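Student: Let me begin by handing over the structure; questions about it come next.
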Ligand SMILES: Cc1cc2nc3c(=O)[nH]c(=O)nc-3n(C[C@H](O)[C@H](O)[C@H](O)COP(=O)(O)O)c2cc1C
């Protein structure tokens, strides 16, 4: 395939690659015309095979070992984030083009693989080349797969057009071309998975070949904070788990604000807005809240006749909030509740508002989870509303509805028990 100034050449004739193979030697032998300024595109499958990243056994277990986070799940398909920050189906674990009963993992460090390959080619031929290690990925919103750069060396992976004028003189604001991915995809047109051509050369883009290893394909991984699609839509609700142990990392105030904005979209009776949140940031407010709640709880337990030792053991359970870097106290402001002359309807009206704050808190917790923040909604203030309101100096009419500890989870959650909707539903 050729276009103006650009040629993409398949490199046939490579043998089946085994662990320990001298990939640079084999490629140089198969591509004797390799030239200074060329870009060598190598399928990760053969890099993995040369690096001994072939394992026998269960594919699902191999995926577990490679994944650091499940992004989306649909039936047996898992889109996961790998240690490298790549997001792809099955962590790139592949059972094609490998012996039955074995699977091929992605290279341990694809940028490192690209750097080693580049160095070996330079040593062998004395010419400078760029190297891209590729894998095949699906894309959200688009049918079909394309090849992508998962490792790179000696090539600028991105071409930043921001600040340049377009043909009409407008300044380009956002265009950063992922040239390493574009080259990987172009090379796939001549490589192909069934054609036994795992390597290609792109000639005519010498201006992208840098003469140093450069930032590698790691530069193509979008930072988490800029990722608008951290989770599949169907996976968002499952992401929230009660977290009882947190790291010391402070909680980002902007993430909390975004999560509270999500809480404010909850349904509520009479078009009312009964949700309030006390964000307990200061050490003074936090200590006052925790100490006054502890005193109220201790007084309750003494009233129940517990011994001091029993009391000490029980109140230890309340320490989850002390371990949380941030506490948010969700409150109910039920002034919009309608008055009724009878107890039945008054109680129903009250219940409506209580369930409405529950909906808002769940929204808050889910939104925090989407921000990567763990949470624990504990009853606490509900059992000593006056003491909690007093400790925090809450405005009149704010009724504390428990407390939410927020922070980064110190450990992954234990799996949820399987729940069959059939056990919870009657269909009439
Ligand atoms: C209103 C309410 C009060 C809760 N109070 C406590 C509590 O006092 N202490 C605690 O450890 N967990 C508390 N939880 C959290 C539950 O124990 C937790 O939701 C449950 O174990 C299920 O785990 P999951 O949230 O990870 O699905 C409370 C949850 C709710 C909704």
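A short reminder: the numbers here are calculations on the coordinates, not readings from a lab. Quick caveat: nothing in here was measured; it's all calculated off a predicted structure. FYI the Cβ positions are ideal-geometry reconstructions off the backbone, even for glycines, and counts take in every protein chain you see.
Student: In Å and whole numbers, how far do the C-alpha atoms of the range 326-428 stretch along each principal axis, longest first?
Tutor: 48, 47, 22
Student: Pull out the extension gain between residue 221 and residue 56, defined as 0.36 nm times the separation in residues minus the alpha carbon to alpha carbon distance; nm, one decimal.
Tutor: Fully extending the segment from residue 221 to residue 56 adds 56.5 nm.
Student: Based only on Cα atoms, what mean projected area does the convex hull of the chain have, in nm²?
Tutor: Here the figure is 31.2 nm², rounded to one decimal.
Student: Using the eigenvalues of the Cα gyration tensor, what equivalent ellipsoid semi-axes result for the range 181-304 when each is taken as the square root of five times the eigenvalue, whole Å, largest first?
Tutor: 54, 20, 16
Student: Pick from 33, 188, 304 the residue whose mean-square fluctuation is largest in a GNM of the chain, springs joining Cα atoms under 10 Å.
Tutor: Largest GNM mean-square fluctuation: 304.
Student: A further question on this structure: When you have a sec, figure out the Kirkwood radius of the range 285-345 from all distinct Cα pair distances and drop it here in Å to one decimal?
Tutor: In the range 285-345 this quantity evaluates to 14.5 Å.
Student: Using R₀ = 51 Å, calculate the FRET efficiency as 1/(1 + (r/R₀)^6) where r is the Cβ-Cβ separation of residue 99 and residue 271; round to 0.05.
Tutor: Computed FRET efficiency for residue 99 and residue 271 comes out at 0.20.
Student: Taking the chain as a Gaussian network, Cα atoms linked when under 10 Å apart, which of 165, 110, 223 shows the biggest mean-square fluctuation?
Tutor: Comparing 165, 110, 223 in the GNM, the peak value goes to 165.
Student: For a footprinting-style exposure proxy, rank 49, 119 by other Cβ within 10 Å, fewest first.
Tutor: Least crowded to most crowded, the residues run 119, 49.
Student: Normalised by the residues of the range 69-188, what does the relative contact order come to in percent, with Cα pairs under 8 Å and at least six apart?
Tutor: So the answer I get is 16 percent.
Student: Normalised radius of gyration for the range 381-428, please: alpha carbon Rg relative to 2.2 N^0.38 Å, two decimal places.
Tutor: 1.94
Student: With each run of n ≥ 4 DSSP H residues scored as -39500 (n - 2.57), what mean residue ellipticity at 222 nm is computed for the chain after dividing by its residue count and rounding to the nearest 500 deg cm²/dmol?
Tutor: One gets -9500 deg cm²/dmol as the mean residue ellipticity at 222 nm.
Student: Starting from the 7 Å offset along Cα-to-Cβ, what nm value, one decimal, do you get for the label separation of residue 423 and residue 16?
Tutor: 4.8 nm
Student: OK, next. Please compute the contact order of the chain in relative form: average sequence separation of alpha-carbon pairs under 8 Å and at least six residues apart, divided by the residue count, as a percent.
Tutor: Rounded, it is 16 percent for the chain.
Student: Can you work out the PRE-style zone for residue 234? Point 7 Å along Cα to Cβ, and I want the residues of the range 64-85 with backbone N under 15 Å.
Tutor: 71-80
Student: Also: Mind sorting 175, 212 by how few other Cβ atoms lie within 10 Å of their own Cβ, fewest first?
Tutor: 212, 175
Student: Tell me, what is the percent relative contact order of the range 134-257, built from C-alpha pairs under 8 Å that lie six or more residues apart?
Tutor: It comes to 25 percent, rounded to a whole number.
Student: Additional query: For residue 125 and residue 312 in the same chain, what is the full-extension length gain: residue separation times 0.36 nm, less their Cα-Cα distance, in nm?
Tutor: Length difference between fully extended and current span is 59.9 nm.
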